[in-house]
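One structure is given here, and the rest of the page talks about it.
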Amino acid sequence: MIDFTNMPFDYKGSNYGGSDRKRGIIYDGKRYMVKVSDRIETDTRNSLKDSYSNSVYSEYVCCHILQICGYDAQNTILGQMIMDTKKHKDMIMPAVACENFIPEGYTLMEFKHMQNALSENAPGRIPKITEIYELLGNENAMFSKEFSEKALKQYWETFIFDAYFGNFDRHGNNWGYLISEIGEAKLAPIYDCGSCLYPQISDEAIPDILNNPEAIRQRIDVFPKAALELEDKTKVQYRNFINSLENKECTEALLKVYPIIQSKQKQINNFIDGVEGISDIRKEFYKTMLSERKTLILESAYYKAIALGYETEIENDTDAEYDEDSLVSDDMLEKYNNILQDSVSEKFQYNKVKSQYDIEK
């Protein structure tokens, strides 16, 4: 594992913000921001929480899964750094190096900075859905209509991945756009994935969670929620929101992203198994939670959308082992019913979908 401790200091990147401890370094001729695991203060810990956050592993794993799925995500390298802490000297800390993706002549315009520049009202830390649509999808002072539509599409596709990862912190400073000195705009890679995959859960607590279906279900239905607010200022609950199919752009993103994730499951699991430094029990936890979130949040909504007649978007470059004709079938409806069999309200929705399907059939 790479030791970042004595890497040359990057003075250009010495002002990184955010909650984790960070350092700018030069590695292999490239600029990186190194994040080190944060200590969890005693008064916020319980028997489920680790002494230090595992966010460096979350960052590394999720950025690589995005790349496995063909998405532009920040390049990350897993390593370590020797640091002094309050209780220990020369402690070896897990660290992740995140490559600086900002080209020369460009700056990163975070979404919240856009809000500050273009919105009438001062934005909060967590954006509202209405605020997303105020700036994305239509021409504004910074973006053409064409680019703004691309930005909106990227937002919702990232949202689907965040639902898969269990990201609770995609606030307005955790995504953005590359703007040149002459105003040219580009989509930035997806970055800042350290709040995915339940980073504060300790290895010691994982077996009790894996052996308790209710504990797993709670971590899908109850928390984490998305860093996105509804008009009543409540946070979006991933499963309810995606399965409602009420947001057109979110559903379109689901129909594109889910088949890609599904086709890459073996590759994703093999990647997790091969990550150095992560315990075997944490690897099992990652694979289990990703599988459960895929099934209960994305798969259920996907089959529901197909049954209701939404058109799927299957990329030609994926190795999915199915085609559109095989998706709209009695087997698909049976699978949808099995996924949702524990919920009375969702059973009602299934019967509604099946009745519609039988009529059209």
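Summary of computed values
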item: Calculated P(r) tail over 19 Å for the stretch 135-252, as whole % of Cα pairs; result: 55 percent
item: Charge dipole (debye, nearest 20) of the stretch 183-319; +1 at Cβ of Lys and Arg, -1 at Cβ of Asp and Glu; result: 200 debye
item: Sorted peptide list for 128-138, 291-301, criterion being average Cβ within 10 angstrom, highest first; result: 291-301, 128-138
item: Too-long pairs where the Cα-Cα distance tops 29 Å, listed order kept, from Lys30/Lys294; Lys153/Lys225; Lys150/Lys294; Lys12/Lys128; Lys30/Lys112; Lys22/Lys186; result: Lys30/Lys294; Lys12/Lys128
item: Nonlocal amide H pairs with Val34, under 5 Å, H built at 1.01 Å; result: Arg23, Gly24, Ile25, Cys98
item: Packing-based ranking, highest mean first, of 6-12, 145-151, 192-198 given that Cβ atoms within 10 Å are counted; result: 192-198, 145-151, 6-12
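None of the figures in this text is laboratory data; all of them are computed from the coordinates on show. Source: prediction; values computed, not measured. All Cβ positions, glycine included, derive from the backbone under ideal geometry; neighbour counts span all protein chains shown.
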